[in-house]
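The values are calculated or read from the model by the stated rules, or taken from the named source; none is laboratory data. None of these values were measured; they are calculated from a predicted model. All Cβ positions, glycine included, derive from the backbone under ideal geometry; neighbour counts span all protein chains shown.
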């Protein structure tokens with residue numbers, strides 16, 4: 001898979017591989033985000049996991065990130081409505097009517 005984005009007039013690319021796909025509950029993938037000091041090697045790839053859980057009256061989305069790169073911080077989504085990943089997902093879902 002390949003992600004591209006534009007920021008301040010520059011195009012940035014990231015790429016990775018889906019490692020787990022359990023429809024409709026879980027997708028996990030590795031991702032390399034280029035940095036000048038890192039080569040594209042397994043120990044420099046971030047692992048992202050998106051998990052859906054049925055709840056009464058809705059669905060919970062949990063996003064987990066494991067980042068082994070030097071100086072990185074692991075974490076889970078805080079549910080911040082301004083999180084760019086959540087904004088993009090919300091936009092996509094609203095556009096498709098799901």
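Answer with yes or no whether residue 28 is modelled with pLDDT of 95 or more, assigned to a strand (DSSP E or B) and surrounded by 14 or more Cβ atoms within 10 Å (Cβ to Cβ).
So residue 28 fits the description; yes.
Identify all residues within segment 41-74 that are on the phi < 0 side of the Ramachandran plot, loosely packed, with under 11 Cβ neighbours inside 10 Å and part of a loop (DSSP other than H, G, I, E, B); write none if there are none.
41, 56, 70, 73
Within the bounds of segment 75-85, is there any residue that is surrounded by 14 or more Cβ atoms within 10 Å (Cβ to Cβ) and out of contact with any strand residue (DSSP E or B) (no Cβ under 8 Å at 6 or more places or on another chain)?
So far as segment 75-85 goes, yes, one or more of its residues are surrounded by 14 or more Cβ atoms within 10 Å (Cβ to Cβ) and out of contact with any strand residue (DSSP E or B) (no Cβ under 8 Å at 6 or more places or on another chain).
Six or more apart or on different chains, Cβ under 7 Å: which pairs go from a residue in segment 52-63 that's in contact (Cβ under 8 Å) with a residue 12 or more places away in the chain to one that's surrounded by fewer than 13 Cβ atoms within 10 Å (Cβ to Cβ) and not in a strand (DSSP E or B)? Could you list them?
Pairs that qualify, where the first residue is in contact (Cβ under 8 Å) with a residue 12 or more places away in the chain and the partner is surrounded by fewer than 13 Cβ atoms within 10 Å (Cβ to Cβ) and not in a strand (DSSP E or B), are 52/24; 52/25.
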